[in-house]
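Notes follow the structure.
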Amino acid sequence: MLEQEAAVFIWRRVLSAVLASEAHLDALDAVGDGDLGRSLAAGCRVALERLEAQGVRTLAQALEVTATALGDVAASSMGTLVARGLEGAAGALPAETPLERADAVAAVQAFAATVTRLGRAAVGDKTMVDVVVPLAELLSGLPPDLSRPALRDRIADAVHSAVERTVPLRARKGRARWLGEASVGQPDAGSVAVKIAVDAALMALSATTDEPRARDDPAGRT
């Protein structure tokens, strides 16, 4: 189980990691609109401010606050998709009780289903769907008694492999689809953004159990 405040601590780390990756994501998105990093960073920055100001203490609330922030300031199709996906994920989570592994699986599945439906994308279209769908499938098939370190390793490996599989693909969605072969040879920027978020979540999950400071103050304050 994971206490709600520890889950919010993890989510804040996710937002901070995506925010710090602004320039990298913009560079990867050069074959698209070129503003993926700026768009997501703007939403993450506002979300972090609102989480602090509102004293959010549950993951469902944190996802809803982030979705609203993205809708307010991330003026891009990616920002809108992520916002709607986070709303779906929030709806799959318990309001107050500690989080079980099954809750995390349900949230990821809801996110994947939402962005796939609204984005009208499928695996192979070179979008973030190429990562979130395999991730949801992986989580739903993992044995319930898998240790937390093994769980982290399996997720990290799966996400890395999913991003690598986007490199030879030709984009079929968004502005990048008009650039044809120019979209081939580098990973999809949206998929990389998902990997950054997942990697940050996994690292923070370790912190909630392995670092005394994180156990004492799951909100991440020092």
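The values are calculated or read from the model by the stated rules, or taken from the named source; none is laboratory data. In this text the structure is predicted, and so the values were computed from the model without any measurement. Methodologically, a virtual Cβ is constructed for each residue, glycine included, from the backbone with ideal geometry; neighbour enumeration extends over all protein chains shown.
Before moving on, here are some points about what is shown:
- When Val131, Val167, Val123 are screened for being in a helix (DSSP H, G or I) and either touching a strand residue (DSSP E or B) at 6+ places or on another chain (Cβ under 7 Å) or not polar (S, T, N, Q) (or both), only Val131 passes.
- Condition check for Val129: touching a helix residue (DSSP H, G or I) at 6+ places or on another chain (Cβ under 7 Å) and surrounded by 23 or more Cβ atoms within 10 Å (Cβ to Cβ): yes
- Subset of the stretch 72-90 that is of a type outside the set (A, V, I, L, M, F, W, C) and over 13 Å from Ala112 (Cα atoms) - its residue that is surrounded by the fewest Cβ atoms within 10 Å (Cβ to Cβ): Asp72
- Qualifying residue in the stretch 53-71 (condition: crowded, with 17+ Cβ neighbours inside 10 Å and modelled with pLDDT under 95): yes
- Candidates Arg120, Arg154, Arg148: the one that is surrounded by fewer than 20 Cβ atoms within 10 Å (Cβ to Cβ), under 18 Å from Gly190 (Cβ atoms) and basic (Lys, Arg) is Arg120.
- Among the residues making up the stretch 169-200, a single one is among the charged types (D, E, K, R), modelled with pLDDT under 85 and either in contact with a helix residue (DSSP H, G or I) (Cβ under 6 Å, 6 or more places away or on another chain) or more than 17 Å from Arg120 (Cβ to Cβ) (or both): Glu181.
- Out of Ala122, Ala150, Ala106, sole residue that is touching a residue at least 12 places away in the same chain (Cβ under 8 Å) and not hydroxyl-bearing (Ser, Thr, Tyr): Ala106
- Single match in Ala83, Ala47 (criterion: touching a Gly at 6+ places or on another chain (Cβ under 8 Å) and part of a helix (DSSP H, G or I)): Ala83
- In the stretch 1-40, the residue that is nearest to Leu146 (Cα to Cα) out of those that are modelled with pLDDT of 90 or more and not in a helix (DSSP H, G or I) is Leu2.
- The residues on offer are Pro134, Pro143, Pro94, Pro98, and the sole one that is more than 18 Å from Val18 (Cα to Cα), surrounded by fewer than 21 Cβ atoms within 10 Å (Cβ to Cβ), touching a residue at least 40 places away in the same chain (Cβ under 8 Å) and not small (Gly, Ala, Ser) is Pro98.
- As a summary of the residue check, Ser76 satisfies the conditions (1) under 21 Å from Glu96 (Cβ atoms); (2) out of contact with any Cys (no Cβ under 9 Å at 6 or more places or on another chain) except for the one numbered (1).
- Taken over the stretch 32-52, the criterion of being closer than 27 Å to Val167 by Cα and surrounded by 21 or more Cβ atoms within 10 Å (Cβ to Cβ) is satisfied by Gly32, Leu36, Gly37, Ser39, Leu40, Ala41, Ala42, Gly43, Cys44.
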